[in-house]
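Below is one structure, written out as structure tokens, with a few remarks after it.
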Amino acid sequence: MAKTSGSGPIRRRTAILISGRGSNMAALIAAAADPPFPAEIALVVSSRPKAAGLDKAGAAGIETAVADYAAGAMAAEAEIEARLAEHGIDLVCLAGFMRLLSPEFVQRWGDRMINIHPSLLPAFAGLNTHHRALDAGVKLHGCTVHFVRAAMDNGPIIAQAAVPVLDGDTPATLGARVLSAEHILYPKVLALVAAERIRVVNELCVFSNRPPPGDGPGVLVSPPGI
Ligand code: GAR
């Protein structure tokens, strides 16, 4: 349960950082539209001025900003930091944010910043994960939500969702199956983080008060019950 005050549940002010189409961002916004959800999406920041996700966020009535990496990574990161401060942001979700954040930024936000990656980490960090999964012949693939550390797609794993790799899959068909799982997993994990149900101990995640199992069909989500 999220902490409550006299006026209802505390909703942690959350920013989503994107670079592109923003389908995970949209899933988080949709989940947070439910008043008891323990996070409110207060800001979306894009590393690219033309990211399609910016229009989706604007249409949902969410404040948006651009931190244009074309102007240099240091300036862009300072812009992100300024916007997070301006909006009183407490949690950050990376959702297809395709830039590496500096160790200093990660140091400040690491245990309040989560990322979704389209593979079962630590397998297939980096790009082209679905292609590489097919090349490797794995039979299960999926996605991971983790706290962010300075190395790419690295940090304490909070939860994963697995999907089968089917005969005849292409990177596109497999990627679509994984993306559907991402949209299920990410809101569940944001709810857990916002409700402070997860602690990082020795760089491993420890859960408290996990709700009973109740996952969507066809997707194996681990740990069960998130
Ligand atoms: C998602 O599949 C996300 O997991 C991936 O980018 C895609 C963004 O799609 N992130 C990474 O690869 C991070 N290393 P979206 O903009 O539609 O959410």
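The values are calculated or read from the model by the stated rules, or taken from the named source; none is laboratory data. Because the structure is a prediction, the values reported are computed rather than measured. Cβ atoms come from the backbone with ideal geometry, glycine included; neighbour counts cover every protein chain shown.
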Conditions (1) at positive phi; (2) touching a residue at least 60 places away in the same chain (Cβ under 8 Å); (3) more than 16 Å from the ligand (Cβ to nearest atom); number of the one not met by Arg83: (1)
Condition set β-branched (Val, Ile, Thr) and within 18 Å of Lys188 (Cα to Cα), scope the range 14-48, selection farthest from the ligand (Cβ to nearest atom): answer is Thr14
Quick test of your reading of the structure: Arg149 fulfils all but one of (1) touching a strand residue (DSSP E or B) at 6+ places or on another chain (Cβ under 9 Å); (2) under 26 Å from Glu203 (Cβ atoms). Name the failing condition by number. (1)
One residue is enough: does the range 121-131 have a residue meeting the conditions of a type in the set (S, T, N, Q), more than 19 Å from Ser180 (Cα to Cα) and surrounded by fewer than 23 Cβ atoms within 10 Å (Cβ to Cβ)? no
Pairs with Cβ under 8 Å, 6+ apart, first in the range 90-104 and free of Cβ contacts under 8 Å to residues at least 60 places away in the same chain, second within 10 Å of the ligand (Cβ to nearest atom): Leu100/Met152
So, in the range 83-129, exactly how many residues are at pLDDT below 95 and basic (Lys, Arg)? 0
Among all residue pairs at least 6 apart or on different chains, which show Cβ distances below 6 Å where the first residue, located in the range 26-51, is closer than 28 Å to Leu100 by Cβ and the second is away from the ligand (no atom under 11 Å from the Cβ) and among the acidic types (Asp, Glu)? Ala32/Glu40; Leu43/Glu63; Pro49/Asp68
